[in-house]
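Report on one structure; see the data block that follows.
Each value in this text was obtained by applying a stated rule to the coordinates, not by laboratory testing. Here the structure is a predicted model, which is why all the values come from computation and not from measurement. Quick reminder, even Gly has a Cβ in these numbers, built from the backbone with ideal geometry, and neighbours come from all protein chains shown.
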Amino acid sequence: MGSKKVVIAAGGTGGHIIPALSIATELIKAGVQVLYVGNKNSMEQKLTFSHSINFAEINVQKFYRKLTFAHIKFPFKLIKSILDSKIIIRKFDPDAFLGTGGFVSGPVGYAAHLLKIPIFLQEQNSFPGATTKILSKYSKMIFLGNKNANKYFPNNKTIYTGNPINQNAVLEKDTIDYIKLGLKPDTKKIFLFGGSQGSVILNNTFLPIIDDLLALGYEVIWQIGKYSFEEFYPKVKGKKGVYAFDFTNEIGKIYNSVDLAIARAGALSLAELETKKIPSILIPLPSATENHQYYNAMELKEKRVAEIIEQKSLNSDELKEMIVKMLQNIDKIKKHFTSSIHADAPKNIAKEIIGFLS
């Protein structure tokens, strides 16, 4: 195969960007030239630079669901971003386009369609995002992270690959340094995380039961999140058996060190928990589009490796009861895990794209 070229676009959140970068890394390993297109001064630009992947800037605006003055600018910015994307694509002259969702991938994907570039998509969630739905009409293949999404697309276009997750988390073999972090190596550990920003609702529900959990001999690892770190950290600072922090780059080590996770139900978090075989209590974010986090969580509940508490009925007592019940049966729950498809997703998706281009 001569040197093929793929243009990739995704943005808005880590949930769209991490899969794009994981697949990009595998394509580059196979000798494919990759250009990532994203918003200027954005999360995707920062993360792409840290992966040493070529980046081209456009200026595209999110379409807000509520009424805002930004709507007036939206059509003009959209048209300009499609025209800018066409210029970038013509110059790079790619053999294919890959979009992994988020509003940034829309104009780039549409520009690729106008220039008759083959389109590939990767959808993380059980309910597809608006951009993926729109671009799916023009796509050659849609790689699904969640089986339940197949009903929204033509069957002859979809392939269930699992979600391309953070390879550092998957490949990490070490545990955290228990002693250094004030923990014991031989206790059952609970990990609460609500994403990099944290979740105030999860934090508020969890805080009142920490002492009870410690009294039962469990220990706590708590990613408070950047948003409310200053509010919650002083309440547990110096408490024996609690390691609390705002954000970490050592998520792989933490996964290797815990018995039970409490989390939202974002597609990538669930793929990581399943791959690392960590039973979980999932509290889906009710404001997620079409309640897709609930349907993401249902896939793990059906596999009998997770329980769901809906936010409307979430309270400290119920959470504590479920934590204790699951930890008492943790070995039995772990036996329900089978091998995870997600770990090899980036490699398999790259292979499919390269196979099509060969």
*Loop-only check: which GluC sites (Glu not before Pro) in segment 284-323 are DSSP coil with at most 14 other Cβ within 10 angstrom?*
310
*With 10 Å bins from zero, work out the P(r) of segment 249-358 over every alpha carbon pair and list the percent per bin.*
13, 40, 32, 11, 3, 1
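All other residues with a Cβ under 15 Å from the Cβ of residue 55 taken together, and with Lys, Arg as +1 and Asp, Glu as -1, what is their net charge?
Values: positive: 5, 40, 46, 91; negative: 44, 57, 84.
In short, +1.
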*Please give the calculated 222 nm ellipticity per residue for the chain, where each DSSP H segment of at least 4 residues contributes -39500 (n - 2.57) and the sum is spread over every residue; nearest 500 deg cm²/dmol?*
-12000 deg cm²/dmol
*How many Å³ per residue does the convex hull of the Cα positions in segment 169-334 occupy?*
109
_Between segment 145-168 and segment 266-300, the Cα center-to-center distance that results, in Å_ = 15
_Highest mean first, how do 21-33, 111-123, 210-222 rank when packing is the count of other Cβ atoms within 10 Å averaged over residues?_
111-123, 21-33, 210-222
*Using the Kirkwood radius built from alpha carbon pairs, what does the Stokes-Einstein equation give as D for the chain at 20 °C and 1.002 mPa s, in µm² per second?*
100
_√(5λ) per eigenvalue of the Cα gyration tensor, segment 83-142, largest first, Å_ = 20, 11, 9
*Check: segment 304-358 dipole with +1 on Lys, Arg Cβ and -1 on Asp, Glu Cβ, in debye*: 240
*Check: the chain dipole with +1 on Lys, Arg Cβ and -1 on Asp, Glu Cβ, in debye*: 960
*Going down the table (140/253; 184/334; 86/151; 189/235; 86/133; 226/320), which pairs top 30 Å between alpha carbons?*
140/253; 86/151
*asked:* Can you find, among 292, 176, 210, the residue sitting farthest towards the positive end of the charge dipole of segment 169-334, where Lys and Arg contribute +1 and Asp and Glu -1 at Cβ?
replied: 176
_What's the magnitude of the charge dipole for segment 169-334 around its Cα centre, counting Lys and Arg as +1 and Asp and Glu as -1 at the beta-carbon? Answer in Debye, nearest 20._
320
_Report the gain in length on full extension from residue 290 to residue 186: 0.36 nm times residue separation, minus Cα-Cα distance, nm rounded to one decimal._
33.3 nm
